[in-house]
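Have a look at the structure below, then the notes.
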Amino acid sequence: MSVGTPRGLASSGQKPITEIPHPLSAAEESLSPGPDVSISSGGEKDLELTNGTLVENSSPASASSTSTSALLSRLQKHVSTMETYITYRVSTKTTRIEFDLPEYSVRRRYQDFDWLRLKLEETQPTNLIPPLPEKFVMKGVVDRFSEEFVETRMKALDKFLKRVADHPVLSFNPHLNAFLTAKDLNKRQGLALLTKMGESVKHVAGGYKLRARPPEFNAMGEYLDTFSQKLGTIDRIAQRILREQSEYLTELREYASVYSSWAGSEEELQRPLEGVAGCVTTCCGALEDLSENMSQDFLPVLREYVLYTETMKNVLRKRDQSQAEYEGRLEAAVLRKQEDRTPMPLEVEKCQDKMECFNADLKADWERWQCNKRQDFKQLLIGMADKNINYYEKCQTAWESLVTVLQDKQTEDKTSETN
């Protein structure tokens with residue numbers, strides 16, 4: 001193999017990863033579909049969750065037809081003298097040969113999901129690992145045991161598992177198998193170890209400046225920067241809209257109560273005033289639904305993709321480190337060859353293989369991420385439009401009904417005056 005001129009990449013990024021020959025593999029292996037994961041809420045009454053139906057997630061990550069399914073359900077609140085936490089029951093049914101049994105049922109808490117993601121990052125450094133919802137919340141601002149917060153986190157964990165299960169490489173990771181099957185995860189094993197690739201990159205590329213990132217990866221970096229800025233702006237505006245809606249809702253409720261109390265002291269205007277109070281109350285309910293949709297459905301997706309963007313940037317930086325390692329070793333080998341005509345070291349070829357592996361995996365994951373993003377945001381924007389239409393329709397219907405009441409009142413008054 002010629003080291004001076006890098007080989008062509010294993011993939012153009014257009015093929016699915018199952019069709020990409022891995023540069024470090026001895027032979028191509030056919031990958032079967034990964035597990036299809038879904039999450040539902042309810043069951044046990046510790047949290048008083050009323051929704052006992054399966055949460056249908058129609059993102060691309062849940063669209064694969066597979067022979068393995070995992071259902072995350074039945075929230076349970078655990079209280080002890082040391083800590084209080086939530087666990088989820090993960091039930092798995094499978095026909096895949098790497099599982100010893102056809103069915104499993106285990107309980108997992110947030111830190112178990114965090115362990116799984118960490119292990120995936122350690123063992124699959126060239127792949128994009130989906131983000132988890134953020135662990136910490138500000139005390140006094142968000143109650144992490146409230147139904148709203150738990151439901152939002154559960155949906156995010158659902159999406160994380162679906163994306164991992166849908167990935168043709170991550171779905172075969174033994175740590176995912178352990179997560180779905182082991183009664184007690186040995187989470188301390190290997191947490192302090194770095195991957196061999198990470199160690200070599202840190203050692204060799206630490207003092208080496210990357211010559212030039214390939215144009216296609218430059219375009220990725222520029223896109224991520226722009227996309228991140230847009231998401232940040234939308235998130236800030238959406239947060240401001242939510243605050244203003246909350247303030248407006250407080251005023252509306254007071255507005256409705258004033259009309260209700262007024263109606264009690266004005267017999268002649270009682271029906272119209274009660275009608276106005278009823279309309280305002282209806283508008284309050286519609287606005288509550290609209291705000292709830294934004295806080296529980298719209299903002300979490302924005303936040304997920306903010307985290308996803310940071311994750312993608314980290315993977316891109318790792319790819320750059322891999323390239324820097326290869327260039328540094330190649331440059332040193334060329335100098336040694338010029339001095340004493342020694343053959344090109346095998347380690348240089350291995351570094352080139354690692355770099356090509358990174359390029360192929362990153363390009364395949366980039367295509368998959370873009371596909372997920374397009375479909376997720378399409379569904380998100382359609383849902384937002386539907387919710388806004390529903391809000392205005394409810395308000396319009398309420399005020400139109402008041403017009404009928406006022407017209408009837410006017411007719412009654414004219415009739416009484418005539419008589």
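The values are calculated or read from the model by the stated rules, or taken from the named source; none is laboratory data. Since the structure is predicted, the reported quantities are computational estimates derived from the model, not experimental observations. Every residue, glycine among them, receives a Cβ derived from its backbone with ideal geometry; neighbour counts consider all protein chains shown. The accessibility values were calculated without ligands, DNA or RNA, using every heavy atom of the protein model including side chains. Shrake-Rupley method; radii C 1.70, N 1.55, O 1.52, S 1.80 Å.
Restricted to the stretch 346-368, and to residues there that are among the aliphatic types (A, V, I, L, M) and open to solvent by 10 Å² or more (accessible area, probe 1.4 Å), the residue that is farthest from ASP166 (Cα to Cα) is LEU346.
Yes/no matrix, rows are residues, columns are (1) more than 25 Å from MET294 (Cβ to Cβ); (2) among the β-branched types (Val, Ile, Thr); (3) part of a helix (DSSP H, G or I):
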position: ALA212; (1), (2), (3): yes, no, no
position: GLU216; (1), (2), (3): yes, no, yes
position: GLY221; (1), (2), (3): yes, no, yes
position: ASP225; (1), (2), (3): yes, no, yes
position: SER228; (1), (2), (3): no, no, yes
position: ASP235; (1), (2), (3): no, no, yes
position: GLU244; (1), (2), (3): no, no, yes
position: LEU249; (1), (2), (3): no, no, yes
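So in the stretch 329-353, with the set limited to residues that are among the β-branched types (Val, Ile, Thr) and assigned to a helix (DSSP H, G or I), which one is modelled with the highest pLDDT? For the stretch 329-353, the residue satisfying everything is VAL348.
Go through GLU288, GLU325, GLU310, GLU356 for me and flag whichever is under 20 Å from LYS230 (Cα atoms) and assigned to a helix (DSSP H, G or I).
Numbers: GLU288 fails: under 20 Å from LYS230 (Cα atoms); GLU325 fails: under 20 Å from LYS230 (Cα atoms); GLU356 fails: under 20 Å from LYS230 (Cα atoms).
After applying the criteria, what remains is GLU310.
Looking across the stretch 356-398, the residues that are out of contact with any Gly (no Cβ under 9 Å at 6 or more places or on another chain) and charged (D, E, K, R) come down to ASP361, ASP365, ARG368, LYS373, ARG374, ASP376, LYS378, ASP386, LYS387, GLU393. The C-beta contact set for the stretch 322-336 (first residue in contact (Cβ under 8 Å) with a residue 40 or more places away in the chain and assigned by TED's automatic domain parsing to the domain that holds ASP353, second residue surrounded by 20 or more Cβ atoms within 10 Å (Cβ to Cβ) and of a type in the set (Ser, Thr, Tyr), distance under 9 angstrom, 6+ apart or interchain) comprises SER322/THR126. Restricted to the stretch 160-201, and to residues there that are modelled with pLDDT under 85 and among the aliphatic types (A, V, I, L, M), the residue that is nearest to the chain's Cα centre (by Cα) is ALA165.
Residue under question is ARG303, and the condition is that it be in a helix (DSSP H, G or I), within 30 Å of MET220 (Cβ to Cβ), open to solvent by 50 Å² or more (accessible area, probe 1.4 Å) and not assigned by TED's automatic domain parsing to the domain that holds PRO130; does it hold? Break it down into steps so the answer makes sense when it comes.
Working: in a helix (DSSP H, G or I): yes; within 30 Å of MET220 (Cβ to Cβ): yes; open to solvent by 50 Å² or more (accessible area, probe 1.4 Å): yes; not assigned by TED's automatic domain parsing to the domain that holds PRO130: yes.
So ARG303 passes the test.
Please go through the stretch 224-258 and give me each residue that is touching a helix residue (DSSP H, G or I) at 6+ places or on another chain (Cβ under 9 Å) and within 23 Å of LEU316 (Cβ to Cβ), ordered by number. Those that are touching a helix residue (DSSP H, G or I) at 6+ places or on another chain (Cβ under 9 Å) and within 23 Å of LEU316 (Cβ to Cβ): LEU224, ASP225, PHE227, SER228, LEU231, GLY232, ILE234, ASP235.
Listed by first and then second residue, the pairs linking a residue in the stretch 217-243 that is in the same structural domain as PRO300 (by TED's automatic domain parsing) to a residue that is among the small types (Gly, Ala, Ser), with Cβ atoms under 8 Å apart and 6 or more places separating them unless they lie on different chains, are LEU242/SER291; LEU242/SER295. Just the residues that are open to solvent by 40 Å² or more (accessible area, probe 1.4 Å), of a type in the set (S, T, N, Q) and in contact (Cβ under 8 Å) with a residue 12 or more places away in the chain, please, taken from the stretch 369-396. The answer is GLN375, GLN379, ASN388, ASN390. Within the stretch 259-272, is there a residue that is without any contact (Cβ under 8 Å) to a residue 60 or more places away in the chain and buried (at least 18 other Cβ atoms within 10 Å of the Cβ)? Yes, the conditions are met somewhere in the stretch 259-272. Hey, any hits in the stretch 202-217 for a residue that's hydroxyl-bearing (Ser, Thr, Tyr) and at pLDDT below 80? Within the stretch 202-217, one or more residues are hydroxyl-bearing (Ser, Thr, Tyr) and at pLDDT below 80.
Here ASP100 meets each of (1) farther than 27 Å from ASN314 by Cβ; (2) at pLDDT 80 or above; (3) in contact with a Lys or Arg (Cβ under 6 Å, 6 or more places away or on another chain) with one exception, condition (3).
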